[in-house]
């Protein structure tokens, strides 16, 4: 079963500058810790950003039985630079039947840019897969909104 999420976040940076910020490993690690993750590490090889982090999300009973307690998440982002930087992401928590995939596009917007995030959560679980996918999609959108708030502050301070 699948669920989707969609967010548009405006930033006061040109697309290339926003891409440079979003792919900076120091920024990524500080952001993840600030929004509540632990055991955070990030590496970037020029085209691919890999982020490792852990969390123990609050889950309702039906989801806790399937997803368990502490989760170790690996996220891989692949970006293509240019006038309109764009890329893909995929994230998976070890030992869970849930996968998050999607796209990023950074479009020029006046003196700044807009980051457009489109994603899908797939939960391969009989009977409750749709409910779990919806729950994870909602939590992912909340996490991305927390990342947005952190990033706006980071940009203002750096």
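The values are calculated or read from the model by the stated rules, or taken from the named source; none is laboratory data. Since we're looking at a predicted model, the values are computed, not measured. Positions of Cβ are backbone-derived with ideal geometry, glycine not excepted, and every protein chain shown enters the neighbour counts.
Please enumerate the residues belonging to the range 1-12 that are surrounded by 17 or more Cβ atoms within 10 Å (Cβ to Cβ) and under 16 Å from residue 104 (Cα atoms). Write out each step before concluding.
Residues of the range 1-12 that are surrounded by 17 or more Cβ atoms within 10 Å (Cβ to Cβ), as a first pass: 3, 5, 9, 11.
Selection gives 5, 9, 11.
Could you check the range 67-95 and list, in sequence order, the residues that are surrounded by 19 or more Cβ atoms within 10 Å (Cβ to Cβ) and outside any strand (DSSP E or B)?
If the condition is that a residue be surrounded by 19 or more Cβ atoms within 10 Å (Cβ to Cβ) and outside any strand (DSSP E or B), then 67, 85 are the ones that fit.
Does residue 51 satisfy the criteria of being assigned to a strand (DSSP E or B), in contact (Cβ under 8 Å) with a residue 40 or more places away in the chain, buried (at least 19 other Cβ atoms within 10 Å of the Cβ) and in contact with a helix residue (DSSP H, G or I) (Cβ under 7 Å, 6 or more places away or on another chain)? Walk me through it before giving the result.
Details: assigned to a strand (DSSP E or B): yes; in contact (Cβ under 8 Å) with a residue 40 or more places away in the chain: no; buried (at least 19 other Cβ atoms within 10 Å of the Cβ): yes; in contact with a helix residue (DSSP H, G or I) (Cβ under 7 Å, 6 or more places away or on another chain): yes.
Spelling it out, it is not the case that residue 51 is assigned to a strand (DSSP E or B), in contact (Cβ under 8 Å) with a residue 40 or more places away in the chain, buried (at least 19 other Cβ atoms within 10 Å of the Cβ) and in contact with a helix residue (DSSP H, G or I) (Cβ under 7 Å, 6 or more places away or on another chain).
If I go through the range 133-155 residue by residue, how many of them are more than 13 Å from the chain's Cα centre (by Cα) and at pLDDT below 95?
3
For the range 22-43, name all the residues that are under 14 Å from residue 149 (Cα atoms) and either touching a strand residue (DSSP E or B) at 6+ places or on another chain (Cβ under 6 Å) or surrounded by fewer than 17 Cβ atoms within 10 Å (Cβ to Cβ) (or both).
We begin by selecting, within the range 22-43, every residue under 14 Å from residue 149 (Cα atoms); these are 22, 27-28, 30-36.
Hits for the range 22-43 are 28, 30, 32, 33, 34, 36.
For the range 108-127, name all the residues that are part of a loop (DSSP other than H, G, I, E, B) and surrounded by 13 or more Cβ atoms within 10 Å (Cβ to Cβ).
Keep residues of the range 108-127 that are part of a loop (DSSP other than H, G, I, E, B), which gives 110-111, 124-127.
Selection gives 124, 125.
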